[in-house]
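Structure first, then comments.
Values in this text are rule-based calculations from the coordinates and carry no lab data. The model shown is predicted, which means the values in this text are computed figures rather than measured ones. We place every Cβ from the backbone using ideal geometry, glycine too, and count neighbours over all the protein chains shown.
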Amino acid sequence: MQLTILGSSASQPAPGDACSSYLVQDGDTAVLLDCGSGTLGRLQEHVDPSAIDAIFVSHMHPDHYIDLIALRYGRRYGAAGAREIPVHLPPGGSDKLQRVSEAISSTQPFFPGALQLTDYEPGQEYAIDGLCVRPHEVVHGIRSFGMRVSGSSGTIAYSSDTVMCDELIELARGADLLLAENTLGGGAPSHHDPVTHISAEQAGVVATQAGVPRLVLTHFWYTADRDLACREAASTFRGHVVAARPGLKISI
Ligand SMILES: [Zn+2]
Ligand SMILES: [Zn+2]
């Protein structure tokens with residue numbers, strides 16, 4: 001089971017980075033978690049988009065889904081007649097994406113033939129060949145869902161965007177690796193009001209309280225010092241901590 005970081009930035013990509021997107025592979029199965037700005041270029045450095053069995057979107061902020069538009073164009077005009085890629089969205093997500101498509105294109109319906117949009121049920125397990133994905137609600141400015149992804153060799157917990165909350169610790173509990181946002185880490189400006197994110201120290205607290213041995217920090221503000229964020233997380237977490245960066249591959 002392998003995790004590949006495609007994008008590790010919040011909101012605005014840092015130089016050379018993309019916004020949130022994570023490729024999880026187990027044998028021949030490939031699942032994409034989020035599809036933020038700049039994902040598609042990064043994705044093709046690792047796999048052909050046709051190899052993606054399913055995409056799960058954590059929440060409907062553009063830095064987590066906007067490259068679904070690019071993927072739709074690629075499928076529509078570059079892979080005509082190929083199967084539709086299933087895209088699993090938060091409750092209401094399919095309607096929202098449809099409205100986005102109506103705002104940007106007169107070609108309707110926009111997604112059929114390229115992407116198959118469905119809204120997932122929070123808490124339900126979705127079997128994607130060799131992987132099992134379970135959306136788990138956390139607390140953010142809008143409804144937001146972390147993901148537990150289990151495969152042949154372990155479980156990854158992905159935080160999505162979230163505040164510090166019991167739901168986040170429950171999401172991470174007993175996982176082999178926590179992929180946690182830290183929008184407020186590494187010297188990021190503290191202008192988020194109200195606060196809808198966590199810091200690197202808080203990511204460390206979550207990993208500690210949930211009993212997770214490995215922590216990967218992600219969703220960095222574009223000016224963040226990632227080495228500093230790792231040191232901040234290490235002040236509250238004694239396990240292994242690393243900063244996500246595009247192209248980083250981690251075996252579980
Ligand atoms: Zn975000
Ligand atoms: Zn968000």
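In table form, for the structure just shown:
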item	result
Criterion violated by S251 - all others in (1) under 21 Å from D63 (Cβ atoms); (2) more than 16 Å from ligand 1 (Cβ to nearest atom); (3) among the polar types (S, T, N, Q) satisfied	(1)
Search result, residues across segment 134-147 that are more than 13 Å from ligand 1 (Cβ to nearest atom) and over 12 Å from the mean Cα position of the chain (by Cα)	R134, H136, E137, V139, R143
When residues of segment 1-20 are limited to those that are assigned to a strand (DSSP E or B) and within 14 Å of ligand 2 (Cβ to nearest atom), the one nearest to L68 (Cα to Cα)	C19
Residue ID - farthest from P91 (Cα to Cα), chosen from residues in segment 29-67 that are more than 10 Å from ligand 1 (Cβ to nearest atom) and of a type in the set (D, E)	E45
Restricting segment 81-93 to residues that are touching a strand residue (DSSP E or B) at 6+ places or on another chain (Cβ under 7 Å) and surrounded by fewer than 19 Cβ atoms within 10 Å (Cβ to Cβ), the residue that is farthest from E121 (Cα to Cα)	E84
Subset tally (residues that are within 14 Å of ligand 2 (Cβ to nearest atom) and under 15 Å from the mean Cα position of the chain (by Cα)) for segment 148-167	5
Any chance R134 is out of contact with any Phe, Trp or Tyr (no Cβ under 8 Å at 6 or more places or on another chain) and away from ligand 2 (no atom under 16 Å from the Cβ)	no
Residue list for segment 169-186, restricted to those being in contact with a helix residue (DSSP H, G or I) (Cβ under 6 Å, 6 or more places away or on another chain) and either more than 14 Å from ligand 2 (Cβ to nearest atom) or in a loop (DSSP other than H, G, I, E, B) (or both)	I169, A172, R173, L178, N182, G185, G186
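Residue-by-condition table, conditions (1) within 16 Å of the chain's Cα centre (by Cα); (2) of a type in the set (A, V, I, L, M); (3) within 16 Å of ligand 2 (Cβ to nearest atom); (4) buried (at least 21 other Cβ atoms within 10 Å of the Cβ):
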{"residue": "C35", "(1), (2), (3), (4)": "yes, no, yes, yes"}
{"residue": "L68", "(1), (2), (3), (4)": "yes, yes, yes, yes"}
{"residue": "G74", "(1), (2), (3), (4)": "no, no, no, no"}
{"residue": "G78", "(1), (2), (3), (4)": "no, no, no, no"}
{"residue": "S105", "(1), (2), (3), (4)": "no, no, no, no"}
{"residue": "P109", "(1), (2), (3), (4)": "no, no, no, no"}
